[in-house]
Amino acid sequence: MTATSPRLKHEVKDLGLAPLGRQRIEWAGREMPVLRQIRDRFATEKPFAGLRLVACAHVTTETAHLAIALKAGGADALLIASNPLSTQDDVAACLVTDYEIPVFAIKGEDNATYNRHVQIALDHRPNIIIDDGSDVVATLVKERQNQIADLIGTTEETTTGIVRLKAMFNDGVLTFPAVNVNDADTKHFFDNRYGTGQSTLDGIIRATNILLAGKNVVVVGYGWCGKGTALRARGMGANVIVTEIDPIKAIEAVMDGFRVLPMAEAAPLGDIFITVTGNKHVVRGEHFDVMKDGAIVCNSGHFDLELDLKYLAANAKEIKDVRPFTEEYKLTNGKSVVVLGQGRLINLAAAEGHPSAVMDMSFANQALACEYLVKNKGKLAPGLHSIPVEVDQEIARLKLQAMGIYIDSLTPEQIEYINSWQSGT
Ligand code: ADE
């Protein structure tokens, strides 16, 4: 059901869920001290006064804190979901009722609704776009060229979105600045690695309640997300096999102590397959055909195309819901394959996404990237820009401070030493 209010435009599941959302947002806030400090500064400095901002993000308790910080900074902010299955409906309701932030996001919305929400976001005529996967920016470029003049710039959260922005730049259509939040060290070292690692296993466990110890877990892709997933699966006692197409990442996986195999050899061995590549059909017909009966497959990459689910559907006698977010495909070859979360991000579909403590740094980067765009309005060249290293370092310093951890600093003698080339052996 879609609730409506005459005061504030929105599309959320049920405004009655707001009290639960508020409780959960407050709980997440305990683990987000860096973003809290930024929000407090924004509330006095108002860097976004008079600016319209669209955030396309997973609508979670952590995203709520980002939206609240941006609004505190004076932004006329509107939030839409960056994935049809990742919205926390109670959070969406609370942002509308308690914080007066228009939200267009319903867990389980179909693709047509998702695309309509992207259009609603662009109807807001944003000066700043925070994107996660680049759907809003791609739609702006394809369909709303006349609105590009309104745009100060965009920020991008995730690896998949950065890949798309690079392709747009190479095609000559990225004609505005885009800040690469994903590549900040305080983002991908922690969010992609420890966030994806923990929340992916959390999603698998919530969906299936299976024991991981002793299982053969095949991690498909050894980027930052794959590294975290493999590390945590091993920590739970699984025998982890990694598949890769990049020779350097494959060596890393080997030297991190994992068995590395081509997918064709891993397919008959795995009990659980987790895709984290950002690419299409990395698990496909030839692999499904040789899997064990009852093998579990899921995806933790941004889009739902890593598993070739069309092949599975075409070769299934029956598709049965066996638990929430868990479907069994009974295949014509007599075996079953179990698909979690419809092949969408399992950590957000069946669990709550990355824990707040890592999103604290990711969203501190987002908030400061927006401020950077505004402070440098008209000065940044079209194309991708890194988060300034001082910003990255400051976020790390604030996080350490909040964790009560102190570190050393260089002595004057050491500073002199590392800045000179004169003394050697
Ligand atoms: N991406 C992964 N986990 C997330 C979370 N908890 N909130 C927002 N975006 C996310």
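Just so you know, all these numbers are worked out from the coordinates, no wet-lab data involved. Bear in mind that the values here come from a model prediction, so they are computed numbers and not experimental data. Virtual Cβ from ideal backbone geometry, glycine too; neighbours counted across all protein chains shown.
Observations, loosely collected:
- Note that segment 205-215 has calculated 3J(HN,Hα) couplings of 5, 4, 6, 10, 6, 8, 7, 8, 4, x, 7 Hz, one per residue in order, obtained from phi through the Karplus relation 6.51 cos²θ - 1.76 cosθ + 1.60 (θ = phi - 60°); glycine and proline are x.
- Peptide ranges 152-158, 402-408 listed from the most packed, as the mean C-beta count within 10 angstrom indicates: 152-158, 402-408
- Each helix, a run of at least 4 DSSP H residues, gives -39500 (n - 2.57); summed and divided by the residues of the chain, these come to -12500 deg cm²/dmol at 222 nm.
- Stokes-Einstein D for segment 194-344, Kirkwood Rh over Cα pairs, 25 °C, 0.890 mPa s (µm²/s): 164 µm²/s
- Flagged links, alpha-carbon separation over 27 Å, of 71/399; 107/292; 310/335; 227/330; 249/375; 375/399: 107/292; 227/330; 249/375
- Backbone HN-Hα couplings from phi across segment 114-125 [Karplus 6.51/-1.76/1.60, Hz, Gly and Pro as x]: 4, 5, 5, 5, 4, 5, 4, 4, 6, 4, 6, 6
- Gaussian network model of the chain, Cα within-10 Å springs - most flexible of 97, 159, 44: 44
- Under a 5 Å amide H cut-off, with hydrogens placed 1.01 Å from N, residue 179 pairs with 154, 155, 156, 385 among residues at least 5 apart or on other chains.
- Calculated log₁₀ intensity ratio I(q)/I(0) where the Debye formula runs over C-alpha points of the chain, q = 0.11 Å⁻¹: -0.86
- Centroid-to-centroid separation of segment 369-386 and segment 93-127 [C-alpha atoms, Å]: 25 Å
- Fewest-first ranking of 409, 386, 336, 362, using other Cβ atoms within 10 Å as the exposure measure: 409, 386, 336, 362
- In sequence order, calculated HN-Hα J values of segment 158-174 (Karplus, 6.51, -1.76, 1.60; Hz; x Gly/Pro): 10, 3, 4, x, 5, 4, 5, 5, 4, 5, 4, 4, 5, 7, x, 10, 8
- Centre separation in Å (Cα based) which lies between segment 147-162 and segment 206-265: 32 Å
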